[in-house]
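Reading through the structure tokens given below for one structure.
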Protein chains: 2
Amino acid sequence: MTNLSVSAEPVDPVQLDKLAQVAVHTGLQLQVGQDLVMTAPIAALPLARLITKHAYAAGAGLVTTFYSDEEATLARYSHAPDASFDRAPSWLYDGMAKAYENGAARLAIAGDNPLLLASQDPARVSRANTANSIAYKPALEHISNFDINWNICAYPSPSWAAQVFPDLPIDQAVRKLAEAIFAASRVNLEDPIEAWRSHNAVLAERSAWLNGQRFSALHYSGPGTDLTIGLADDHEWHGGASVAKNGVTCNPNIPTEEVFTTPHAHRVEGTVSSTKPLSYQGTLIDEIQVRFEAGRIVEASASRGEDVLLKVLDTDEGSRRIGEVALVPHSSPISASGVLFYNTLFDENASCHIALGQCYSKCFVDGASLTPEQIAAKGGNSSLIHIDWMIGSDQIDIDGIRADGEKVPVMRKGEWA
Amino acid sequence: MTNLSVSAEPVDPVQLDKLAQVAVHTGLQLQVGQDLVMTAPIAALPLARLITKHAYAAGAGLVTTFYSDEEATLARYSHAPDASFDRAPSWLYDGMAKAYENGAARLAIAGDNPLLLASQDPARVSRANTANSIAYKPALEHISNFDINWNICAYPSPSWAAQVFPDLPIDQAVRKLAEAIFAASRVNLEDPIEAWRSHNAVLAERSAWLNGQRFSALHYSGPGTDLTIGLADDHEWHGGASVAKNGVTCNPNIPTEEVFTTPHAHRVEGTVSSTKPLSYQGTLIDEIQVRFEAGRIVEASASRGEDVLLKVLDTDEGSRRIGEVALVPHSSPISASGVLFYNTLFDENASCHIALGQCYSKCFVDGASLTPEQIAAKGGNSSLIHIDWMIGSDQIDIDGIRADGEKVPVMRKGEWA
């Protein structure tokens, strides 16, 4: 009698190859002759290589990849002088910004240990993040303004899998995380490219309905939550595939389940509680509770990571206001998987969420032609940060409020009404 | 009965850690608060991590590492459109140049497969190299002008070890290459830092003797070689540790056995044959024979890689002239090891050599204060390339020629006379 064996490798190479194809074709829609700037944790090397191959096969000009290394990050916290924590490689980020200005696309592979810095000094973590955010802003603006086609997808790094499935042996943890990523990214299906086409159609339909309603605000109610989010003037809902300013239709997030728009930075009132823990740059922030007045967070607490949260809120003028509101049904496949990923790319697609900080200019009617001043005048927020956190659950009701005060049910118990 | 076992790991972790310390302290003499830009093949991750640790412990501001991946390079040759081979990441190299201008040090870990591109189309290899050289020039100038402290050291990557010891199983090949690197880099000694101090003193003494002689030319004779190399006006010999323009004394090459200076770009006459194969950007060039007239290569051939050689010579105006002449005794430890590394960092330190292309401005009296025009007027060559190749052996005699024609024996049968 022999044992029946499944794939010997924890990460199925066939599905990984499909993920690389989805990232290049659906995620980026990489153009012939277009350069690609990729970032990846070093553990994600197998996926980065497949993406490189498919990018060149799709006609890429030049693929340039930067690998981050968790060991190097930890070596900094263990050995570097204190002054190091105010430094960032602005020369590199300025170069990336130039690459985007010259037409390069951008792909990021997510996969870092979400708790890498959990035991480090929060003041140092915050200083390092702030220095990095300031240096990264010129490059990030090309992403948040959607100047170019970009994509984030994910690889099941062992250090990440160990956090998601702490009770499993590492090989099994990686296998389970890989399966969850592949399912959420629709690459476990026969024809993932086609599956993404029809999924994008569903998200486009929901966005169109919301745009037709022209709500001036959304009202959220549920345990610990009584929140009115005013929507920005001339806001526009988006979801799934979207056209970047360079004319390329891409899917910035693989996976994605959300439809989202820009809230009014000065018209948010009430209280809201997070419904899932938030992993932010290596630390976990849990059970967030905040109160808004005139769009500004005036009270904030968390049961875990409160010191990090409070420092984040003090990053700049816009970091106490929100720049994104997103609707996700509680029954989304990612939520239904029951897996808490400790990674925003996944967890934000399991739950309605809002984001502190920078808004997306594309979430305005004719957003591509607006100046930063025009965006601000319509209520769009501006900040160095953009941090999504989850406020949805099966106990949340959401109503749309029209300009005349009429209420329209949008979600009931976490599902589309 | 149990087997006696040696270190289970092919690369001895204790010696690797010593190499990292030598690279940071002797190689770079990294300063407190100084940033570091590092490049490394992904296979060299263990050494890059140790260097990162020791750099931070030495007070580094920020260490930024770029990993190259041989698989990605090959994917380009297998899948990219033809136009890709004229592209290079100038935005990245311009950023590196900016980092150096802002005071960063530079460390490169060598370790690539020297024959990675041997079976690729030489025309494409040449186009890719030329595009890269043009884009890299602004950054490279900070190195060739010795504006900053920099270092190259080496890691025994499996793909490199497999070329050096093709008949050994890969673990044994890596172990043997590691031992050869550690010995050449003096980290197999009890106190490598002290060993480098006394080695630098020997090289400084040889440089001082040569500088005292004020030769106007060197004459090489041996099988296939009858060559007179005029030395640049106000040339200065250097070797071992050297002071960069930023005031830091560093050892740019680990290992190093050479003393070297700037030849006169227009005063080289005669014929010379290479004595070791040259690995140039993934291809092997062997049995080079060239003839110089008035400093310019007017005839060139090679038994292998001739097409690559001829393309390299046509890179630009300066690529047919030489920019460096270096003296290494045939009995150097690297030569004595009998290992042909197929890597210039090592092979050039086993043999007298010359370099096609760009000269080093520091190899002039008061070189730091000279303009490019002044350097050219003194006979310093300028080019996008700088390619060392080996012309020394135990059959080569070298005489120094004074301005008045007097001949002084410098080397006999490959050894200091």
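The values are calculated or read from the model by the stated rules, or taken from the named source; none is laboratory data. Just so it is clear, the model here is predicted, and its values are computed rather than measured. All Cβ positions, even for glycine, are placed from backbone atoms using ideal geometry, and neighbour counts span all protein chains on display. Heavy atoms of the whole protein, side chains included, go into the accessibility calculation; ligands, DNA and RNA do not. Shrake-Rupley method; radii C 1.70, N 1.55, O 1.52, S 1.80 Å.
As a ratio to 2.2 N^0.38 Å, the alpha-carbon radius of gyration computed for chain B takes the value 0.95. Ligands, DNA and RNA are left out, and with a 1.4 angstrom probe the accessible area of segment A:166-210 is 53 Å² per residue. From its DSSP helices (H runs of at least four residues, each -39,500 (n - 2.57)), the protein assembly as shown gives a residue-normalised ellipticity at 222 nm of -9500 deg cm²/dmol.
Note down the magnitude of the dipole of segment B:13-184 about its Cα centre, charges +1 on Lys and Arg C-beta and -1 on Asp and Glu C-beta and zero elsewhere, to the nearest 20 debye. List each step's numbers first, then the result.
Details: 12 positive and 16 negative charges, 43 e Å.
Value, rounded to 20: 200 debye.
May I ask for the percentage of alpha-carbon pairs in segment B:307-417 that lie more than 15 Å from each other? Present the calculation step by step, with values, prior to reporting the outcome.
Numbers: 4269 of 6105 pairs.
Of all Cα-Cα distances in segment B:307-417, 70 percent exceed 15 Å.
Magnitude of the Cβ-charge dipole of segment B:301-417, K/R +1 and D/E -1, about the Cα centre, nearest 20 debye?
Details: 10 positive and 17 negative charges, 22 e Å.
Rounded to the nearest 20 debye, it is 100 debye.
A loss of 10 Å² or more of accessible area (1.4 Å probe, protein heavy atoms, ligands and nucleic acids excluded) relative to the isolated chain is seen in these residues of segment B:42-56: B:Ile42, B:Leu45, B:Arg49, B:Thr52, B:Lys53, B:Tyr56.
Provide the buried accessible surface between chains B and A in square angstrom, both chains summed, 1.4 Å probe, rounded to the nearest 100.
Numbers: alone 17380 and 17360 Å², together 31660 Å².
Summed over both sides, the interface buries about 3100 Å².
For segment A:214-416, the residue among A:Val410, A:His219, A:Asn246 whose Cα projects farthest onto the positive side of the dipole built from Cβ charges is A:Asn246. Pick out which of A:Ala161, A:Ala232, A:Ala72 has the largest mean-square fluctuation in a Gaussian network model of chain A, springs linking Cα atoms closer than 10 Å. With Cα springs under 10 Å in chain A, the top fluctuation among A:Ala161, A:Ala232, A:Ala72 is at A:Ala72.
Could you tally the net charge around A:Asp191, taking each other residue with its Cβ under 10 Å from the Cβ of A:Asp191, Lys/Arg +1 and Asp/Glu -1? The partial results should precede the final answer.
Values: positive: A:Lys18, A:Arg186, A:Arg197; negative: A:Glu190, A:Glu194.
Around A:Asp191, the surrounding residues sum to +1.
What a 1.4 Å probe finds exposed on the protein assembly as shown is 50% carbon and sulfur by accessible area, rounded to a whole percent. Express the Stokes-Einstein translational diffusion coefficient of segment B:214-416 in µm² s⁻¹, to the nearest whole number, given a Kirkwood radius over alpha-carbon pairs, 4 °C and a viscosity of 1.567 mPa s. Diffusion coefficient, whole number: 77 µm²/s.
Placing one equal scatterer on every Cα of segment A:13-184 and applying the Debye formula, the log10 ratio I(q)/I(0) at q = 0.20 Å⁻¹ is -1.33. The rotation axis taking chain B to chain A passes closest to the C-beta of one chain B residue; that residue and the distance in whole Å read B:Gly95, 2.
Computed with a 1.4 Å probe over protein heavy atoms only, the accessible surface of segment A:256-315 comes to 38 Å² per residue. Computed over segment A:71-157, the P(r) tail beyond 18 angstrom holds 55 percent of alpha carbon pairs.
Bridging of A:Lys53 to lysines at a Cα separation below 19 Å is possible for A:Lys18, once same-chain residues fewer than 8 apart are set aside. A dipole drawn for segment B:191-344 from +1 and -1 charges on Cβ atoms has a positive end, and of B:Pro329, B:Ser279, B:Leu340 the residue lying farthest that way is B:Pro329. Once C-alpha pairs closer than 8 Å and six or more residues apart are averaged by separation and normalised to the residue number of chain B, the relative contact order reads 15 percent. Rounded to the nearest 20, the size of the Cβ-charge dipole of segment B:214-416 about its Cα centre is 180 debye, with Lys and Arg at +1 and Asp and Glu at -1. Label-point spacing for B:Asp121 across the identical copies (point 7 Å from Cα in the Cβ direction), in nm and ascending order: 5.6.
Once you've got the Cα coordinates, tell me which of B:Lys276/B:Lys413; A:Lys98/B:Lys137; A:Lys362/A:Lys413 are over 24 Å apart. Present the calculation step by step, with values, prior to reporting the outcome.
Working: B:Lys276/B:Lys413 16 Å; A:Lys98/B:Lys137 18 Å; A:Lys362/A:Lys413 29 Å.
Going by Cα-Cα distance, A:Lys362/A:Lys413 fall outside the 24 Å limit.
On alpha carbon coordinates alone, what is the Rg over Rh value for segment B:31-106, Rh being the Kirkwood radius?
Values: Rg = 15.3 Å, Rh = 14.1 Å.
Ratio of gyration radius to Kirkwood radius: 1.08.
Between copies, the label points at A:Asp167 (set 7 angstrom from Cα along Cα-to-Cβ) are spaced 5.7 nm, reported in nanometres from shortest to longest.
With its label point defined 7 Å out from Cα along the Cα-to-Cβ axis, A:Lys407 lies at 10.6 nm from the matching points of the other copies, in increasing order. Here the protein assembly as shown has an Rg and Dmax of 30.3, 104 Å, counting Cα atoms alone. What is the set of long-range amide H partners of B:Ser393 at a cut-off below 5 Å, with H atoms built 1.01 Å from backbone N? For B:Ser393, the qualifying residues are B:Cys352. When the alpha carbon coordinates of segment A:165-320 are projected onto the principal axes, the ranges are 49, 47, 32 Å, largest first.
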